[in-house]
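A.B. asks: Okay, here's the structure, questions in a sec.
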Amino acid sequence: NKRDESNKPIIVPSEIAPLMVEAFEEVEKGIYNLEEIRTKLNKKGLNCSRNNFSKLLRNPVYCGKIFVPGFKDEPAMLVNGIHEPLISEDLFN
């Protein structure tokens, strides 16, 4: 998370962004299980626990969506973020 020139919070890819793209692509292929993918990516510098890796793969921020929790009578929803998605929505799904 960083701030833009208007001091609004924005999401900027970190150095692990390419590893997360690789994670999604490997999961899509279906050749290796999640633990094998996580172990492979940890050797490349991801440094992620088994539980956290599973949570990361379910985080819609990677496909450009932001989860907005429900408030009072408004339902929770996914909205398009202003950040660049790392992966397509199809790959995320």
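The values are calculated or read from the model by the stated rules, or taken from the named source; none is laboratory data. Quantities reported herein were computed from a predicted structural model and do not represent experimental measurements. As a convention, Cβ positions derive from the backbone with ideal geometry for all residues, glycine included, and neighbour counts pool all protein chains shown. The accessibility values were calculated without ligands, DNA or RNA, using every heavy atom of the protein model including side chains. Shrake-Rupley method; radii C 1.70, N 1.55, O 1.52, S 1.80 Å.
A.B. asks: Among 31-42, 48-59, how do they line up from the highest to the lowest mean number of other beta-carbon atoms within 10 Å?
C.D. replies: Values: 31-42: 14.4, 48-59: 12.7.
Going by the mean number of other Cβ atoms within 10 Å, highest first, we get 31-42, 48-59.
A.B. asks: Identify which of P60, P18, P75 has the largest mean-square fluctuation in a Gaussian network model of the chain, with springs joining Cα atoms closer than 10 Å.
C.D. replies: P75
A.B. asks: For I31 and S14 in the same chain, what is the full-extension length gain: residue separation times 0.36 nm, less their Cα-Cα distance, in nm? Kindly include the intermediate steps, with their values, before the conclusion.
C.D. replies: Values: separation 17, 0.36 × 17 = 6.12 nm, distance 2.67 nm.
Working it through step by step, the gained length comes to 3.4 nm.
A.B. asks: Something else: For L91, what charge total do you get from the other residues with a beta carbon under 10 Å from its beta carbon, if Lys and Arg give +1 and Asp and Glu give -1? Present the calculation step by step, with values, prior to reporting the outcome.
C.D. replies: Numbers: positive: none; negative: E25, E28, E89, D90.
Here the charged neighbours net out to -4.
A.B. asks: While we're here: Is it possible to state the helix-based mean residue ellipticity at 222 nm for the chain, with each DSSP H run of 4+ residues giving -39500 (n - 2.57), the sum divided by total residues, to the nearest 500 deg cm²/dmol? What is it? Numbers along the way, then the final one.
C.D. replies: Values: 4 runs with 35 residues, N = 93.
Result for the chain, helices only: -10500 deg cm²/dmol.
A.B. asks: Now for a different question. So how much accessible area does S6 have, in Å² to the nearest 10, using a 1.4 Å probe?
C.D. replies: Accessible area of S6: about 80 Å².
A.B. asks: Could you provide, to the nearest whole Å², the per residue accessible area of the chain with probe 1.4 Å?
C.D. replies: Numbers: 6870 Å² over 93 residues.
Per-residue accessible area for the chain comes out at 74 Å².
A.B. asks: Carbon and sulfur atoms: what percent of the 1.4 Å accessible area of the chain do they account for?
C.D. replies: Its accessible area is 51 percent carbon and sulfur atoms.
A.B. asks: For the chain, build the convex hull from the C-alpha positions and give me its volume per residue in Å³.
C.D. replies: On the way: hull volume 11.3 nm³, N = 93.
Each residue corresponds to 121 Å³ of Cα convex hull volume.
A.B. asks: Would you mind working out the magnitude of the charge dipole of the chain relative to its Cα centre, with +1 at each Lys and Arg C-beta and -1 at each Asp and Glu C-beta, to the nearest 20 Debye?
C.D. replies: Using Cβ point charges on Lys, Arg, Asp and Glu, the chain gives about 400 debye.
A.B. asks: Most mobile of V12, V79, V68 per a Gaussian network model of the chain (Cα springs, under 10 Å)?
C.D. replies: V68
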